[in-house]
Amino acid sequence: MTNTTNTDLPKAYEFHAIEERWYNEWLEKKTFAAKMEEGRESFSIVIPPPNVTGVLHIGHALNNTLQDILVRYRRMQGMNVLWVPGTDHAGIATQNVVERQLAAENTDRHAVGREKFIERVWKWRAKSGGQIINQLKRLGCSCDWDRERFTMDEGLSRAVRKVFTTLYNQGLIYKGDYIINWCPRCHTALSDLEVEHEPTAGKLYNIRYPYTAGDGYLIVATTRPETLLGDTAVAVHPDDERYNQLPEKAVILPIVGKKIPIIFDTHVEREFGTGALKVTPAHDLNDFEIGRRHDLPLVTVIDDNGVMNEQAGKYMGLDRFACRRQIVADLEEAGLLEGVDDYEHGVGTCYRCHTVIEPSLSKQWFVSIKPLAAKAIAAVKEGKIRIHPKSWESTYFNWMNNIRDWCISRQIWWGHQIPAWTCEDCHEMSVADEDLTVCPKCGSANLSRESDVLDTWFSSGLWPFSTLGWPDDSKELKTFYPTSVLITSFDILFFWVARMIMLGTHFMEEIPFKDVYLHALVRDADGHKMSKSKGNVMDPLIVMDKYGTDAFRFTLTAFAAQGRDIRISEDRIEGYRHFINKVWNASRFALMHVSAATSSFNYEELSLLDKWILSRVTRTIRQYQDALDKFYFNEAASVVYQFVWHEFCDWYLEWIKPALFSDSVQEKARTQAVLLTVMEIILKLLHPITPFISEEIWHALPGERAFLMLESFPVPEESWESDDLEDTVTLLMGVIGGIRNIRSEMQIHPSAGITAIIVCANPHKRERLLTYAKDVTSMTRANDLQIAANGECPKGAASYIYDDIEIFVPMSGLINTERELQKLAREKEKIAAQLKRTEGKLANKKFLANAPAEVISKEKEKAAGFTATMAKINENAQRLRDIEG
């Protein structure tokens, strides 16, 4: 694609229209599309599929901005890039959305039936499920949208069935009794990772379990007295000396009155409570394991609704928490409650609805995970997969080495229904890739299908290869698998990343990706986690509408340091909007001078400043590439920001103005050519982070131009680099900055001519200063520049020291010292009053006791600021008095 050049940029950067126009052009010309080409290095990445119920939040914005940076960067490097987009069917979350709709219509899923309910979910998905995809486009994501996938689409469903049946036939999927995490609200099992544990202020109940002979008792500590109705033993540690001389090996179960044994098991924590543990095998995982070792009976006393069942006797029908209160009262009345202590402990809640989960005995489907974990551990240990930051590797190994079997069944309707059928005649169960109509064992057509669906993470665990066409031997798999990198949040390292590694290495016999970059959380400016209840949630769509997508993306990138949470605020985004505006205004200035220029020049003929900017831009390219190659996104942003603002804009553009307005055609042409070259490089460096403004300015440069994202990424030109040249310009900048500092501090009028005296003992530096004295004079508006090897500070002169160089500017005739001192005195009086008020607050004990910590902190900051200002005023006043005297 070529574009007719328009070298006129409007005065202001109107991002709304520009963003929409360029994104539509990119889509129309299919610039994001991957090619099935041989011989080109490929770069592939799969998007962490957002829930189909989701809307773009700040975490999505960070994650997808970082992915897009890599995708655009690698595309410009000439790689064959594929970024696969898609969404997750989000079983529980999506079902809850539609169930709420049904509730609003005074009905529920059971009333409409499974088939009609599933149809209703698909209709909802067709109408509302694409919202987040459009929002990702608003963010500028350059995904290959023609390859968008959904975890319930036909191809992925086939992959899910293939994996399930294969694992089942390999003996790695089984169905059995197990303690699972049960949500009484969502009516489904949850994996360990789907349970959130929050520190909760609870109670520790010390209960007397009488010996059967009626003389004495064991004291057992528990946080859940309602489950004692299902106790089948009391356990103590075999090495616990307190229980070496037990009078007997049985106790009476309080309230119930039946005899249960005292058993010895090394699992018991001697430090907890009294060291005696009530064992409820049907309502606690650890107790379940103890029960298996000691062949204890399983007594279930709480049903799927969190209500006491018929095994609970007189407590049947009570809610579990109401039952707790009643049992505690009954124990107290019976003299069996030794005492109650305050106790903080982690209570597990459902990650979706936050209901307290109930450990429950249930028939569930499980993946025998340890055989899969071995390859996944080796892949990271051997360096085939690199995790960034590396510190996460130890966490990964710790979890993988202690992994438990994965409960993959969920008691909901929306999701991949488990492909298992039970024959009602011969009672055999069969698992198959295709729907069964007759029993493979006896030929009966009387089959009933398993009603459970698979855990959402089961299907998303296949994402890197199922989205590329597996189980078919597709061209996409051959070209783009394994994928290059995965970018995701650290909190789903085990939910998703580890499972993709396990399933990928098992089914593809190859790693699913080579690098994993785990980004941190995005918090508010004070470091607090964003939440609706706190009112500190930042809506990316609102922010992009207010400040522009490029400013938002640059802010996220600038703060995306490895392993460190990101603190973000609108003030910071506004700050980077100033940077975007700086780029725009610098480009407008440059375009006034390069409209007829070419980027061709003879390096040997260039001026000091032109050679310097080429050296600096070369180093910037190298540092930028090194940062992105190592996933230091914040460093890449910092490098380009520093170069563009503080070197290109602050120094180079100002310094070359005499050349741009020179009467020498050759001098002007050389500088214009370098200016155009550096502008092109800057835009290419900016494009991965800020795609919209860079594309807009790119097409305003002279000549016919293709899309910037399809241009070649700049390569460092080693012949342009020069330490000596950069040292020279750094020296000049230091001296110029020193003279400017004197002008500013002494408030010398900008148009006033000055005399500058530079005392430099170093002959090498002095020679350089003499060579480029004209530049120093021009940049400081000095009428007279004197450079000497030694000398004293003239009377009445302001001074500045840069490195080993002294700079003096005689003040005679430049300022009215008396008037300036009076001005400073008035300012000092004003600041002193403000400081006094602030210090008064901080000395007020009532204020310190009642004010929020952040308010006190801000007052301390104000006091420090006022103190620093006072010191500066005193310093300036003394300098004026020194000059006067």
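The values are calculated or read from the model by the stated rules, or taken from the named source; none is laboratory data. Keep in mind the model is a prediction, meaning the values are calculated, not measured. Heads up, the Cβs are rebuilt from the backbone with ideal geometry, glycines too, and the neighbour counts pull from every protein chain shown. Just the protein is used for accessible areas: all its heavy atoms, side chains included, with ligands, DNA and RNA removed. Shrake-Rupley method; radii C 1.70, N 1.55, O 1.52, S 1.80 Å.
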Problem set entry | Alpha carbon centroid spacing (whole Å) that separates the stretch 848-885 from the stretch 823-844 | 8
For this session: Quick one: plug the Kirkwood hydrodynamic radius of the stretch 131-282 (C-alpha pairs) into Stokes-Einstein at 20 °C, 1.002 mPa s, and report D in µm²/s.
Result: 104
Exercise. Of Lys278, Lys363, Lys203, which has the most accessible area and how do the rest follow, probe 1.4 Å?
Worked result: Lys363, Lys203, Lys278
Problem set entry | FRET efficiency for Gln411 and Ser744, using Cβ-Cβ distance with R0 set to 60 Å, rounded to 0.05 | 0.25
Seminar exercise, completed: Interchain or sequence-distant (5+) residues whose placed amide H lies within less than 5 Å of the amide H of Glu806 are Val759
Exercise. With labels modelled as points extended 7 Å from the Cα through the Cβ direction, what inter-label distance (nm, one decimal) is found for Ala825 paired with Glu428?
Worked result: 10.8
Exercise. At a probe radius of 1.4 Å, what is the per-residue accessible area of Phe397, in Å² to the nearest 10?
Worked result: 40
For this session: Would you kindly derive the ³J(HN,Hα) couplings of the stretch 400-406 from the backbone phi angles with the Karplus curve 6.51 cos²θ - 1.76 cosθ + 1.60 (θ = phi - 60°), listing them in order in whole Hz, with x for Gly and Pro?
Result: 5, 6, 10, 5, 9, 4, 9
For this session: With Cα extents along the principal axes in Å in mind, check (1) 109, 71, 54; (2) 79, 69, 61; (3) 120, 90, 59 and report the label derived from this structure.
Result: (1)
Problem set entry | Ser448 - accessible surface, heavy atoms, 1.4 Å probe, Å² rounded to 10 | 40
Exercise. Quick one: if you stick a label point 7 Å off each Cα along the C-beta vector at Ile542 and Lys836, how many nm between them?
Worked result: 4.2
For this session: Taking the dipole about the Cα centre of the stretch 77-204, with the C-beta of Lys and Arg at +1 and of Asp and Glu at -1, give me whichever of Tyr168, Ala93, Met152 is farthest to the positive side.
Result: Met152
Problem set entry | In order through the stretch 215-221: 3J(HN,Hα) via Karplus (6.51 cos²θ - 1.76 cosθ + 1.60), integer Hz, x for Gly, Pro | 10, x, 6, 9, 9, 10, 9
For this session: Report, by chain and number, residues whose modeled amide H sits under 5 Å from the one on Asp303, excluding near sequence neighbours (fewer than 5 apart, same chain).
Result: Met308, Asn309
Problem set entry | Shape of the stretch 561-617, Cα gyration tensor, a/c cut at 1.5 | oblate
Problem set entry | Amide hydrogen neighbours beyond the local backbone of Val81, cut-off 5 Å, H modeled | Lys35, Phe43
Seminar exercise, completed: Karplus-derived 3J(HN,Hα) from phi for the stretch 478-491 (6.51 cos²θ - 1.76 cosθ + 1.60, θ = phi - 60°), whole Hz, x at Gly and Pro, runs 5, 8, 10, 10, x, 6, 7, 8, 10, 10, 7, 7, 4, 6
Problem set entry | Inter-part distance where the stretch 408-462 and the stretch 516-539 are each reduced to a Cα centre, Å | 41
For this session: With the Cα gyration tensor of the stretch 260-371 in hand, give its eigenvalues times 5 under a square root as the equivalent ellipsoid semi-axes, listed largest first in whole angstrom.
Result: 24, 21, 16
Problem set entry | Arg100 accessible area, 1.4 Å probe, all protein chains in place, Å² to nearest 10 | 150
For this session: Mind checking the full-extension length gain between Thr867 and Ala789? Use 0.36 nm per residue of separation minus the Cα-Cα distance, one decimal, nm.
Result: 24.2 nm
Exercise. What ranking of Cys353, Cys323 comes out by heavy-atom accessible area, probe 1.4 Å, highest first?
Worked result: Cys353, Cys323
Exercise. Plugging the Kirkwood radius over Cα pairs into Stokes-Einstein for the stretch 163-214, at a temperature of 37 °C and a viscosity of 0.692 mPa s, what D comes out in µm²/s?
Worked result: 206
Problem set entry | About the Cα centre, charge dipole magnitude for the stretch 694-815 (Lys/Arg +1, Asp/Glu -1 at Cβ), debye | 920
Exercise. In what sequence, largest accessible area first, do Asp626, Asp723 appear using a 1.4 Å probe?
Worked result: Asp723, Asp626
Exercise. Which shape class applies to the stretch 430-485: rounded if a/c is under 1.5, otherwise prolate when a/b exceeds b/c and oblate if not, where a ≥ b ≥ c are the square roots of the Cα gyration tensor eigenvalues?
Worked result: oblate
Problem set entry | Unit charges at the beta carbon, dipole of the stretch 746-793: most positive-side option, Ala782, Ile758, Thr771 | Thr771
Exercise. Given +1 on the Cβ of Lys and Arg, -1 on the Cβ of Asp and Glu, and no further charges, what dipole in debye does the chain carry about its Cα centre, rounded to the nearest 20?
Worked result: 1600
Seminar exercise, completed: Looks like the stretch 213-313, by Cα gyration tensor root eigenvalues a ≥ b ≥ c and the a/c under 1.5 rounded cutoff (else prolate when a/b is bigger than b/c, oblate otherwise), is prolate
Seminar exercise, completed: Rounded to the nearest Å, the spacing of the alpha-carbon centers of the stretch 256-303 and the stretch 711-773 is 79
For this session: State the answer as a single residue: which of Trp655, Val537, Thr31 lies farthest towards the positive end of the charge dipole of the chain, with beta carbon charges of +1 for Lys and Arg and -1 for Asp and Glu, about the Cα centre.
Result: Trp655
Problem set entry | Set Lys30/Lys630; Lys35/Lys478; Lys828/Lys858; Lys30/Lys475; Lys30/Lys384 screened for pairs whose C-alpha atoms are more than 24 Å apart | Lys30/Lys630; Lys30/Lys384
